[in-house]
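*Asks:* Below is one structure. I have some questions about it.
What follows draws every value from the coordinates through simple rules; no lab data is involved. Because the structure is predicted, anything quoted here is derived from the model rather than measured. Virtual Cβ from ideal backbone geometry, glycine too; neighbours counted across all protein chains shown.
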Amino acid sequence: MATEASPPASTRASPRPTGQRYWTTRRDGEVRLHHEKSSLANSTPITVHEMVRSTAMQYANYIALGSKHGNSWHLLTYIEYYEQCRRAAKAFLKLGLERFHGVGIMGFNSEEWAISSIGAILAGGFSVGILSTNSPKTCQVIAESSAMDIVVVDSDRQLQKIIQIQGYLKCLKAIVQYKDEIRSPLENLYSWKEFLDLADSISDDTLDRIIDSQKPNQCCAVFYNMLTTGPPKAIMISHDNTERPPGDSSDALQITWTTAATVQSLSYKCPPEEQEVLVSYLPLSYMGAQIFDMWISISVAGALYFAQPDALRGSLLDTLREVKPTSFHGVPWVWDRLLDHLKTSQLSSTPFRKKINQWAMQLGLRTAKRHILKQLTFNLAKKLSFDQARSSLGLHHCRQLFNMGLGLPGPTLDFFLSLNMPIFQLYGMSESTGVHSLSTQKDFQLLSCGKALPGTHTKIQKSKDGVGDIHIWGRNVFMGYLNDEGNTQRKINLQGWMYTSDFGFLDTEEFLYILGNARGECDRDIITLSSGEKINPAPIEERVKRYVPIVRYVMLVGQEAPYLCALLTLKCQLNTDTGEPRDALTSEVVAVCRQLKSQSTRLSDIVYNRDPVVMNFISQGIDAANAEATSDSTKIMKWALLDMDFSVSGGELGPNTKLKRAVVAKMYQAEIKSFYSNDGV
């Protein structure tokens with residue numbers, strides 16, 4: 001059961017190799033294997049090579065990857081994809097890639113990114129994703145800790161970072177640049193074509209011997225958890241965390257098992273019935289994005305299309321409309337932008353269309369929440385309103401929509417649900433190979449992140465009224481932090497249970513609800529007042545957004561201060577070329593201003609002209625949010641409206657669009673200091 005206090009009995013049943021544990025911090029280490037008697041948890045493991053080859057043989061001529069060059073798409077079939085991965089693996093070997101050494105990949109998502117990652121694994125090295133926004137110093141730390149032999153970059157901009165630090169990298173043997181013309185010729189620098197041509201001097205037999213030598217409980221990929229302070233944590237992902245059935249000589253990837261478990265839980269289709277279409281836009285250096293883009297698409301023989309590098313700056317919507325994905329996953333920031341687009345479209349509708357949309361959405365929300373379909377009426381609403389909304393986002397072919405990362409607020413979920421677009425919440429982290437629990441069409445509860453993957457377990461410890469620390473167990477649990485025994489021991493116990501640093505509860509049907517961060521590496525999100533009281537800002541921030549719908553971001557401040565204050569941004573339009581927020585307010589905000597009898601259309605109208613109507617509306621919303629506060633210490637005593645919305649390009653949001661609190665606090669330290677400049681409130 002998910003709430004048991006000890007690991008599943010089968011994990012203790014059979015003898016284990018002497019001295020092995022469920023975790024290791026060595027790059028060539030081996031871990032004790034997770035094992036239990038269930039159909040999926042004890043399934044026969046397969047390697048990445050076997051999965052890619054199997055799909056390539058069975059679906060040889062189906063589209064595997066799509067990359068847009070100018071106005072046209074460059075397409076690779078599955079047999080071409082497989083051949084390119086093998087060529088990349090042989091080229092890595094020619095360049096001197098050693099066993100358990102890293103291949104760094106830094107650039108926007110692309111076919112070369114995916115091919116390099118799989119090629120590195122086939123060649124016996126580590127696939128190591130590096131964020132394109134990382135500084136040269138961070139790149140150096142990652143390269144040194146993963147013993148990086150080869151770095152693959154997409155452009156001269158990323159190449160310059162490696163050139164700055166290559167003198168410090170003892171293992172570095174070669175650099176590969178796969179986009180743009182090479183502007184800085186170096187002895188050890190190769191274009192993508194030159195790199196792949198190196199494969200001709202390595203035989204297939206040589207590569208196959210290396211593939212066959214890999215063990216399931218050894219590391220094959222490293223993901224880096226970027227912390228606000230201190231060096232990044234290197235998360236080791238093994239080939240598999242399961243017992244190999246007697247007589248079975250095959251290997252498997254932990255990634256492969258998690259992919260299979262996710263596919264089993266969801267509603268993916270395979271050719272020839274139908275081919276899934278997916279869009280890759282979140283950085284593949286994040287485990288969750290990699291699972292849902294690279295590995296699931298291979299598992300179900302789907303067609304994976306890569307969005308443009310400026311996807312998060314505005315072009316994603318164009319790609320969705322062109323590609324028409326059958327499954328789509330977003331992060332809260334992306335869903336927020338899509339919601340803005342839908343509301344803007346509705347505001348520009350005729351009065352008659354507005355009435356139809358309002359009727360349809362009310363019906364849709366009631367129907368979805370009651371799970372009762374009055375089919376004829378519902379079908380009419382679908383035809384008149386729901387289909388049009390989906391089509392405007394390019395999601396009219398989608399059978400399932402997911403949210404990754406932080407949970408979406410109730411009003412956002414309700415809005416999409418009212419349009420017959422239920423968003424399924426996922427819960428996971430790189431340490432759980434990207435996924436641990438998920439909602440599905442069969443198992444769906446609002447505000448829940450669903451049930452644990454088959455063959456995995458969840459338990460709540462140190463619980464009070466059922467709420468406590470979340471611990472997980474299963475084949476998806478990572479090997480350990482590379483060269484970091486202290487943090488690894490704190491993360492995984494002797495029985496293989498992993499502490500997630502989150503807290504929540506399981507209901508009677510074993511649906512998991514996440515209520516916030518507990519401690520550990522998530523301490524940076526907790527505000528400690530001068531009184532010593534610790535406050536989780538997330539629920540307070542969401543409450544303000546509910547009462548002040550024109551607000552995009554709310555960031556509480558008050559570390560070591562006597563009371564809480566808040567920085568607010570309003571919803572502004574984006575510059576589609578640069579991704580920077582514009583001064584112009586969204587249509588939704590302008591409509592609210594008109595209802596308030598305000599003529600403001602720009603952020604500067606409100607901030608610099610101190611629009612009294614809008615400022616009073618915000619103040620009343622803050623008061624309403626404070627009225628629901630559980631104590632005086634959780635109330636917002638002062639607030640400031642910033643003169644610019646947050647964005648990825650501005651640096652306030654990370655590549656996965658998560659708010660970078662430390663960066664914002666530094667950028668607006670003058671405003672924060674002014675909150676506490678006087679003794680009185």
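*Asks:* Using the Karplus equation 6.51 cos²θ - 1.76 cosθ + 1.60 (θ = phi - 60°), what ³J(HN,Hα) coupling, rounded to whole Hz, does each residue of the range 151-163 give in order, writing x for Gly and Pro?
*Replies:* Per residue, the Karplus-derived 3J(HN,Hα) values read 10, 10, 10, 9, 8, 5, 4, 6, 4, 4, 4, 6, 4 Hz.
*Asks:* By how many nm would the segment from E50 to A584 grow when fully extended, if each residue of separation counts as 0.36 nm and the alpha-carbon distance is taken off?
*Replies:* 187.0 nm
*Asks:* Just to confirm the filter: which GluC sites (Glu not before Pro) across the range 441-548 are DSSP coil and have at most 14 other Cβ within 10 angstrom of their Cβ?
*Replies:* Loop-located and lightly packed - E509, E533.
*Asks:* Next question, about the same structure. Determine, for each peptide in 304-314, 643-653, the mean count of other beta carbons within 10 angstrom over its residues, then list the peptides with the highest first.
*Replies:* For the peptides 304-314, 643-653, the packing ranking is 304-314, 643-653.
*Asks:* Still on this structure: Only Cα pairs under 8 Å and at least 6 apart count here; give the relative contact order of the range 81-160 as a rounded whole percent.
*Replies:* Contact order relative to length: 39 percent.
*Asks:* Please give me, ordered by residue number, the trypsin sites (Lys or Arg not before Pro) of the range 433-465 that lie in loop per DSSP and have at most 16 other Cβ atoms within 10 Å.
*Replies:* K442
*Asks:* Now for a different question. Sorted by average packing, counted as other Cβ atoms within 10 angstrom per residue and highest first, what order do 90-99, 293-302, 579-588 take?
*Replies:* Top of the packing list down: 293-302, 90-99, 579-588.
*Asks:* With the cut-off at 26 Å, tell me which of the pairs K545/K638; K137/K673; K464/K534; K269/K442 have Cα atoms farther apart than that.
*Replies:* K137/K673, as the Cα separations exceed 26 Å there.
*Asks:* Another question, then. If you add up the charges near S265, with Lys and Arg at +1 and Asp and Glu at -1, over every other residue whose beta carbon is less than 11 angstrom from its beta carbon, what do you get?
*Replies:* +1
*Asks:* Report the relative contact order of the range 468-512, percent, no decimals, based on alpha-carbon pairs under 8 angstrom and at least 6 residues apart.
*Replies:* Taking the mean separation of contacting Cα pairs over the length of the range 468-512, I get 51 percent.
*Asks:* Shifting gears a bit: Between the range 425-499 and the range 563-587, how many Å separate their Cα centres?
*Replies:* The two parts, judged by their Cα centres, are 35 Å apart.
*Asks:* Further, regarding this structure: Just to confirm a number: summing +1 for Lys and Arg and -1 for Asp and Glu over residues other than I235 whose beta-carbon lies under 11 angstrom from that of I235, what do you get?
*Replies:* Summing Lys/Arg as +1 and Asp/Glu as -1 gives 0.
*Asks:* So, one more: Taking 20 Å as the cut-off for C-alpha to C-alpha distance, list the pairs among K173/K193; K179/K660; K462/K660; K94/K173; K68/K660 that go past it.
*Replies:* Over 20 Å Cα-Cα: K179/K660; K462/K660; K68/K660.
*Asks:* Using a cut-off of 14 Å between beta-carbons, work out the net charge of the residues near L339 (Lys and Arg +1, Asp and Glu -1, L339 not included).
*Replies:* Net local charge, L339 excluded: +3.
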